[in-house]
Structures are given as structure tokens and as C-alpha cells.
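Please treat every number below as a calculation from the coordinates, not as lab data. Keep in mind that this is a model prediction, so the values were computed, not measured. Cβ atoms come from the backbone with ideal geometry, glycine included; neighbour counts cover every protein chain shown.
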Amino acid sequence: MVAQHRSIGTPIRGPRGHIEYLRQALTIAREVGDRRGEATHLGNLGDCHADLGQTQTAIEHYQQALNIAREISHPYCEAMALINRGTIAVDQRPSTEAADYYQGAIQIGEQTGSAQVRS
């Protein structure tokens with residue numbers, strides 16, 4: 001479940017409340033040209049939608065995050081988006097698709113030396 005956050009002193013609970021918070025953060029990131037923040041918020045939105053069982057919306061957010069991560073050459077964001085896509089693929093049906101996403105994330109972890117991505 002998504003952690004509680006505070007915005008202007010008001011607790012945001014659960015994925016539905018968190019979605020609104022993240023949409024606002026995403027809008028701001030886009031307005032100021034923060035592509036890394038945009039990728040991060042898209043990934044977090046994907047997590048919220050996945051928690052709600054809204055798989056297709058989650059996939060769309062993860063794919064957008066993956067595209068941005070690749071555009072800005074940010075290996076950590078790319079690996080996390082691949083892991084998230086792999087998790088959705090496993091949840092939908094065990095397949096080689098999930099393994100491909102996870103393998104891509106592992107390769108990034110190995111290339112960057114990131115223990116966080118490899119574990």
C-alpha cells in the first residue's frame with residue numbers, strides 16, 4: 001500500500017488520495033521541465049493504479065516513465081520502470097515478457113553497480 005504523505009498539513013491516505021497528490025506533482029514537474037521528477041511521479045502513479053487493480057492505467061504510466069528515463073539516460077529510473085512492468089506482466093500471466101523486463105533491470109544494475117537495482 002502507498003505510504004501516507006502530507007500536503008499543506010493534510011494527510012493523504014491510500015492510493016486514491018495519493019493519486020491526486022501525484023497528479024499535482026506531475027503537473028509541476030512538467031511545468032518546470034523536471035524530466036526525472038516526471039518519470040518518478042509517473043512510476044509512482046503506476047504503483048497507485050496497480051494497487052487499485054487498474055492494470056492498463058498502471059502499464060501506461062510505467063511505459064511513460066520508461067520512455068522518459070531512456071530519453072534522459074537515467075539508469076535507476078529505467079530499471080525501476082522495467083521492474084514495475086515485469087511485476088505487472090507476472091501478475092497478468094507468467095511469461096517470458098516478465099523475465100525480459102527483469103533481465104533488463106538486472107543488466108542496468110550490473111552496468112551501474114547499483115546493488116539496489118540488482119536486489
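Take Arg13, project a point 7 Å from its Cα along the Cβ direction, then tell me which residues of the range 45-72 have their backbone nitrogen under 20 Å from it.
48-49, 51-53
What nm distance separates the two modelled labels at Val90 and Gln24, each placed 7 Å from Cα along Cα→Cβ?
My value for the distance between the label points is 3.4 nm.
So if each residue of separation counts as 0.36 nm, and I subtract the Cα-Cα distance between Glu110 and Arg70, what length gain in nm does that give?
Result for the pair: 12.7 nm of gain on full extension.
In the range 5-118, if the dipole is taken from +1 on Lys/Arg beta carbons and -1 on Asp/Glu beta carbons about the Cα centre, which of Gly46, Ala99, Gln63 is farthest to the positive end?
Of the listed residues, the answer is Gly46.
Can you check what the net charge comes to around Asn67, using other residues whose Cβ is under 15 Å from the Cβ of Asn67 (Lys, Arg +1; Asp, Glu -1)?
+1
Step through the residues of the range 61-76 one at a time and calculate ³J(HN,Hα) from phi using the Karplus curve (6.51 cos²θ - 1.76 cosθ + 1.60, θ = phi - 60°), rounding each to whole Hz and writing x for Gly and Pro.
Ordered by residue, 3J(HN,Hα) equals 5, 4, 5, 4, 4, 4, 4, 5, 4, 5, 4, 9, 6, 10, x, 5 Hz.
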